[in-house]
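Participant: This is the structure I have questions about; it appears just below.
The values are calculated or read from the model by the stated rules, or taken from the named source; none is laboratory data. As the structure is a computational prediction, the values presented were derived from the model and not from experiment. Cβ placement follows ideal geometry from the backbone for every residue including glycine, while neighbour counts extend to all protein chains displayed.
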Amino acid sequence: MRQITAVLILACVMLSAAAVRAADAPPSTASGIPLDAPWKVKLYAFAQANFHHPAWGWQHSERNYRLAMGFAQGDGIKVDTDVLFAAAMLHDMAAFPPWAKKDMEHGDRAAETSGDVLRDMGFPMEKLPGVQAAERGHMYYSVATTPEAIVLHDADSIDFLGTMGAVRMLALTGESKPDVRGAIKALRGFVKDIPPKLITKTAQRMGAERAAELTRLLDRFDVESYGSTAV
């Protein structure tokens, strides 16, 4: 009986300790990114509330952060996770009103406007230049020089390839477009243009895999649309 009681007490202690650890753990995003600072909680909520789009909404930002962290770890690149998280969440903010500005590249516009958003959330503003550099350099055709810009650049580029790239581009067609020819042409262009622009070795390997995957999908589409005559 004493042994059973001791086992029960030990089990209770372990359960209590686990509960304490769970209570102390920071909240996280939908895919499990730790929101380990109050400003991150606010910024993530802001992104979810304002960035709704099947191709470049908040989900794309979340994927970008996770991909970028994987490239940083794979290539041994030291990044500031505060800078990377802020840049990932806000790099496409200029695709949405009221931040959009006609005839201005959206990464440049994000760099111009993200400071006000981050300041109100309690972001450590001495890191803002790093965020702005990553925002300006995130597109596959952009120049990325800082560690955070490099991995975000590769992450954003990779998200144009593979099955995800196909889903994103086809989501842009919608019922208002007569067909999907524009999306298919863009995807063929991504297969050709994006892999040579990837910077990290980890992204280059993934890019080759996703480009091949996307090519297979597009080739099959061509067969099933009778040589793209019935698209």
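Participant: For the list (1) touching a residue at least 24 places away in the same chain (Cβ under 8 Å); (2) assigned by TED's automatic domain parsing to the domain that holds Gly70; (3) small (Gly, Ala, Ser), I need the number of the one condition that Gly115 fails.
Facilitator: Gly115 satisfies every listed condition except (1).
Participant: Out of the residues in segment 47-58 that are part of a helix (DSSP H, G or I) and either at pLDDT below 95 or buried (at least 19 other Cβ atoms within 10 Å of the Cβ) (or both), which is farthest from the chain's Cα centre (by Cα)?
Facilitator: The selected residue is Ala47.
Participant: Hey, another quick one. Taking segment 28-42, which residues are part of a loop (DSSP other than H, G, I, E, B) and either outside the structural domain of Glu62 (by TED's automatic domain parsing) or crowded, with 17+ Cβ neighbours inside 10 Å (or both)? It would help to see each step written out before you state the result.
Facilitator: Within segment 28-42, the first condition is being part of a loop (DSSP other than H, G, I, E, B), and the residues that meet it are 29-33, 35-37.
Selection gives Thr29, Ile33, Leu35, Ala37.
Participant: While we're here: Only one of these is more than 17 Å from Tyr65 (Cβ to Cβ), surrounded by fewer than 15 Cβ atoms within 10 Å (Cβ to Cβ) and either modelled with pLDDT under 95 or of a type in the set (Val, Ile, Thr) (or both): Thr173, Thr145. Name it.
Facilitator: Thr145
Participant: Does at least one position in segment 79-98 carry a residue that is assigned to a loop (DSSP other than H, G, I, E, B) and closer than 19 Å to Val167 by Cβ?
Facilitator: Here is the first cut: in segment 79-98, the residues assigned to a loop (DSSP other than H, G, I, E, B) are 79-80, 91-92, 96-98.
From the residues that got through so far, the ones that are closer than 19 Å to Val167 by Cβ too are 92.
Among the residues of segment 79-98, at least one is assigned to a loop (DSSP other than H, G, I, E, B) and closer than 19 Å to Val167 by Cβ, which makes the answer yes.
Participant: Among the residues that make up segment 109-116, is at least one of them part of a helix (DSSP H, G or I) and hydroxyl-bearing (Ser, Thr, Tyr)?
Facilitator: Start the filter on segment 109-116 by keeping residues that are part of a helix (DSSP H, G or I), which leaves 109-116.
Retained after the next criterion (residues that are hydroxyl-bearing (Ser, Thr, Tyr)): 113-114.
Within segment 109-116, one or more residues are part of a helix (DSSP H, G or I) and hydroxyl-bearing (Ser, Thr, Tyr).
Participant: I'd like the residue in segment 176-231 that is of a type in the set (Val, Ile, Thr), under 22 Å from the mean Cα position of the chain (by Cα) and outside any helix (DSSP H, G or I) and, out of all such residues, is surrounded by the fewest Cβ atoms within 10 Å (Cβ to Cβ).
Facilitator: The extreme case among them is Ile199.
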